[in-house]
């Protein structure tokens, strides 16, 4: 880039680098090769004969590396192909969305068909051959106990109650489930009955102190609603990572709430091998999920330090 533009500042901007970083990189290259690559003046730079030689060989090296990567992708079956993958709403937004974008950037010839539905509908599609695999909560749905399914676990993400910043509950000490009853609540429509029973009649619209309930499939509109009212929503922390980081939403520490985690997994039929492209995507997705879990842990430690 520097050889092309012949200007340090413009080259650094194109490379998204600070100009001193680019200068240090060039200096290290000159020191390693033991020759001067550039003639510098106050307005521009030009290549020495050694610099021209490095550019010619460097471009060949880059082309060879690109060709090597292409050959590896072809051998792995990742240079082309189709993936039909399903997901329940929360992992579709928080896990699959980022993973699909990065995967397609690396493998632009892959065709991905993403279907977002409830876990039960995803299961029906899978057994009927309409999906290669799907991502959903597997422990609460008992998918991890079904003999006909193979499950690849993803990292666990904690399930908590969340409210907008400056919500009245954020001023309270010793929040309990009883404290939440006077506010409108939001819960996933697919919350398993076994989990819902842990909250007693909190989500029961027939209780005498009922203050409103929203059941959601997609959490995105709920996040918008929470910013303009006193709604209290329960969801995996993964679904509100960005809002927690920017401070628009905060988590509630509820003293008498048992610890809950969302156990998302990749699910496919046992005895049916994934295609190379599907297996490659699963590996990519698992790595991406672990990176997001690590970011979550770092964020939690930062919030604890601030507290």
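Listed values, structure above:
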| quantity | calculated |
| --- | --- |
| Condition met for residue 161 (in a strand (DSSP E or B), modelled with pLDDT of 90 or more, outside the structural domain of residue 270 (by TED's automatic domain parsing) and farther than 30 Å from residue 273 by Cβ) | yes |
| Complete set of residues in region 252-293 that are more than 17 Å from the chain's Cα centre (by Cα) and in a loop (DSSP other than H, G, I, E, B) | 253, 255, 256, 257, 258, 259, 270, 271, 272, 273, 274, 275 |
| Candidates 96, 131 - the one that is touching a helix residue (DSSP H, G or I) at 6+ places or on another chain (Cβ under 8 Å), in contact (Cβ under 8 Å) with a residue 12 or more places away in the chain, assigned to a helix (DSSP H, G or I) and within 26 Å of residue 284 (Cβ to Cβ) | 96 |
| Residue check, residue 190 in a loop (DSSP other than H, G, I, E, B), surrounded by 15 or more Cβ atoms within 10 Å (Cβ to Cβ) and at pLDDT below 95 | yes |
| Index of the failed condition, residue 35 passing every other in (1) in contact with a strand residue (DSSP E or B) (Cβ under 6 Å, 6 or more places away or on another chain); (2) not assigned by TED's automatic domain parsing to the domain that holds residue 269; (3) not in a helix (DSSP H, G or I) | (1) |
| Cross-chain or 6+ apart pairs with Cβ under 9 Å, region 183-200 first and assigned by TED's automatic domain parsing to the domain that holds residue 117, then surrounded by fewer than 17 Cβ atoms within 10 Å (Cβ to Cβ) and assigned to a loop (DSSP other than H, G, I, E, B) | none |
| Filter result for residue 241 (surrounded by 13 or more Cβ atoms within 10 Å (Cβ to Cβ), in the same structural domain as residue 187 (by TED's automatic domain parsing), closer than 15 Å to residue 96 by Cβ and touching a helix residue (DSSP H, G or I) at 6+ places or on another chain (Cβ under 9 Å)) | yes |
| Checklist (1) touching a strand residue (DSSP E or B) at 6+ places or on another chain (Cβ under 8 Å); (2) more than 23 Å from residue 94 (Cβ to Cβ); (3) in contact (Cβ under 8 Å) with a residue 12 or more places away in the chain applied to residue 205, failing item | (3) |
| Qualifying residue in region 211-220 (condition: in a helix (DSSP H, G or I), in contact with a strand residue (DSSP E or B) (Cβ under 8 Å, 6 or more places away or on another chain) and modelled with pLDDT under 90) | no |
| Any hit, region 142-152, residues being exposed (fewer than 15 other Cβ atoms within 10 Å of the Cβ), touching a strand residue (DSSP E or B) at 6+ places or on another chain (Cβ under 7 Å) and assigned by TED's automatic domain parsing to the domain that holds residue 285 | yes |
| Those residues of region 53-65 which are surrounded by 13 or more Cβ atoms within 10 Å (Cβ to Cβ) and more than 39 Å from the chain's Cα centre (by Cα), in sequence order | 53, 54 |
| Residue that is farthest from the chain's Cα centre (by Cα) [pool: residues in region 100-126 that are part of a loop (DSSP other than H, G, I, E, B) and closer than 17 Å to residue 81 by Cβ] | 109 |
| Among residues of region 209-221, those that are in contact with a helix residue (DSSP H, G or I) (Cβ under 9 Å, 6 or more places away or on another chain) and within 19 Å of residue 87 (Cβ to Cβ), counted | 5 |
| Qualifying residue in region 109-118 (condition: in the same structural domain as residue 276 (by TED's automatic domain parsing), on the phi < 0 side of the Ramachandran plot, modelled with pLDDT under 85 and out of contact with any helix residue (DSSP H, G or I) (no Cβ under 7 Å at 6 or more places or on another chain)) | yes |
| Any hit, region 251-258, residues being within 30 Å of residue 132 (Cα to Cα) and surrounded by 13 or more Cβ atoms within 10 Å (Cβ to Cβ) | no |
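Residues checked against (1) modelled with pLDDT of 85 or more; (2) touching a strand residue (DSSP E or B) at 6+ places or on another chain (Cβ under 9 Å); (3) surrounded by 13 or more Cβ atoms within 10 Å (Cβ to Cβ):
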position: 71; (1), (2), (3): no, no, no
position: 77; (1), (2), (3): no, no, yes
position: 82; (1), (2), (3): no, yes, no
position: 103; (1), (2), (3): yes, yes, yes
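The values are calculated or read from the model by the stated rules, or taken from the named source; none is laboratory data. Computed from a predicted model, the values in this text were never measured in an experiment. Heads up, the Cβs are rebuilt from the backbone with ideal geometry, glycines too, and the neighbour counts pull from every protein chain shown.
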